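The values are calculated or read from the model by the stated rules, or taken from the named source; none is laboratory data. Quantities reported herein were computed from a predicted structural model and do not represent experimental measurements. Counting neighbours? That spans all protein chains shown, and the Cβs are built from the backbone with ideal geometry, glycine included. The accessibility values were calculated without ligands, DNA or RNA, using every heavy atom of the protein model including side chains. Shrake-Rupley method; radii C 1.70, N 1.55, O 1.52, S 1.80 Å.
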Amino acid sequence: MEKKIVSPTKEILKVKYLETRSSTVAICKHLKTEDYVAQPIMDVSPPKWHLGHTTWFFEYFILMVYSDKYKEYNPSFAFFFNSYYESLGNRVSRGDRGNMTRPSVEEIYQYRIFVDEAIITLLDSVPFPSDELSKLITLGINHEQQHQELMITDIKYILGHNPLYPSLFPRIETSVASVLHGESVEKYLEVEEGLYEIGTSDTDNFSYDNERAKHKVYLHPFRFLNRLVTNGEYIDFIEDKGYKNFTFWLSSGWEWVNQNHIEAPLYWHRLENEWHYYTLTEGLTKVDRNKPVTHISFYEADAYAKWKNKRLLTEQEWESACLLYTPNPGNKNNFMESLAFEPKVRESENNLQLFGDCWEWTNSAYLPYPYYKKEPGAIGEYNGKFMINQMVLRGGSCATPLSHIRPTYRNFFQTEKRWQYTGIRLADYI
């Protein structure tokens, strides 16, 4: 009997695909049926929508193009689960996703199984997947990983605005021997003046088009805090009436603070003269002064930095510092896989927290790099059209999958957004 030749690329794709799809389902393991549907604000999509949208992505971009035998699961699903792809037709308004009581949660899970089986059948039908097919499946995997983080933060918003403040995930006990140096000690690391290269032109490993191409930048000498700013340090800002002093705030930030009556990070509540906050593992609990502050807007990060007579890193500085001091993320960083779903106390001075815990706001607008080329077709709508009125974040968070992050990764949000795990790192010129 002739031995069948198995393509390593195909087997790796199948494993990564199935692992990613299983991880998404695992995030929803502890949800009640009612939790799947809620949409408190436009930014937050219902969990059931994420489950359907990530499945639709594989169906529309891969199965309906590369599988001759594939029959669309339900033609009406494209209207429900298309997110922002203008070239793919009409879609439900983003703010109306929570009104979608049908299809049911059960049917969406059936839809996921149907598409998963079709993707595996497609891969098994060819000895070696084409480069184009491999590229699209890899994009779909990374797209789903992005939605895993969005699901976690959207679920946190849904449950964190429930007056019962229910916990969702089991608490993972961690041993912390000591808090390094106390929260008041600030140690800065230096980066010399010079030309640096950022971005990527690597064609062997996955990257988004907004990370390309590699190019040179000139940096003045600077230094950066060797850790993230803590809750305790941020409480000092609050108690010094940082939210009441316009001198620290950008004009639009000051307007945002006053119009929305902002007095503390998202999920913070002052009870009996003590700060509490909502977490997915403990519900409403006292703020841990030694953990990194998170769920803050760019406005708040910038105001805090000014209060400290410091500034935020630019994204060019962040990436150059990262490549110099911590070029690769690792298992010791706090990512989604740690199941903490909350920034952790820094246990080692070697952990600069450049990866994981919380995304770091940079003082860089989200713009195309030199030599940037938008992908053709609908895939080109993925990043390029959002390059306006947004700021770049770097480093990943406690809700980011480890395999999804890299030094060149560029996240981006509007200046007032804070439902993601977003934090602060201080910097200064030398």
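Numbers at a glance
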{"quantity": "Checking Gln420 against (1) in contact with a Leu (Cβ under 7 Å, 6 or more places away or on another chain); (2) part of a loop (DSSP other than H, G, I, E, B), the condition it does not meet", "calculated": "(1)"}
{"quantity": "Condition met for Ile296 (of a type in the set (A, V, I, L, M, F, W, C), farther than 16 Å from Ile405 by Cα, under 19 Å from the mean Cα position of the chain (by Cα) and at pLDDT 95 or above)", "calculated": "yes"}
{"quantity": "Subset of the range 11-37 (residues that are farther than 18 Å from Glu107 by Cβ and among the hydrophobic types (A, V, I, L, M, F, W, C))", "calculated": "Ile12, Leu13, Val15, Leu18, Ala26, Ile27"}
{"quantity": "Candidate set from the range 357-374 (those that are open to solvent by 40 Å² or more (accessible area, probe 1.4 Å) and in contact (Cβ under 8 Å) with a residue 24 or more places away in the chain); member that is farthest from Lys135 (Cα to Cα)", "calculated": "Asn363"}
{"quantity": "All helices (runs of 4 or more DSSP H) inside the range 1-116 with 1 or more residues being more than 22 Å from Lys135 (Cβ to Cβ), open to solvent by 40 Å² or more (accessible area, probe 1.4 Å) and not aromatic (Phe, Trp, Tyr)", "calculated": "8-27"}
{"quantity": "Yes/no for Asn142 being farther than 19 Å from Lys29 by Cα and at pLDDT 95 or above", "calculated": "yes"}
{"quantity": "Options Glu282, Glu274; residue that is more than 27 Å from Gly395 (Cβ to Cβ) and acidic (Asp, Glu)", "calculated": "Glu274"}
{"quantity": "Test set (1) under 17 Å from Ile41 (Cα atoms); (2) surrounded by 15 or more Cβ atoms within 10 Å (Cβ to Cβ) - Asn162 fails condition number", "calculated": "(2)"}
{"quantity": "Tally of residues being touching a residue at least 60 places away in the same chain (Cβ under 8 Å), open to solvent by 20 Å² or more (accessible area, probe 1.4 Å) and outside any helix (DSSP H, G or I) across the range 117-134", "calculated": "3"}
{"quantity": "Some residue of the range 190-207 being at pLDDT 95 or above, among the β-branched types (Val, Ile, Thr), open to solvent by less than 10 Å² (accessible area, probe 1.4 Å) and assigned to a loop (DSSP other than H, G, I, E, B)", "calculated": "no"}
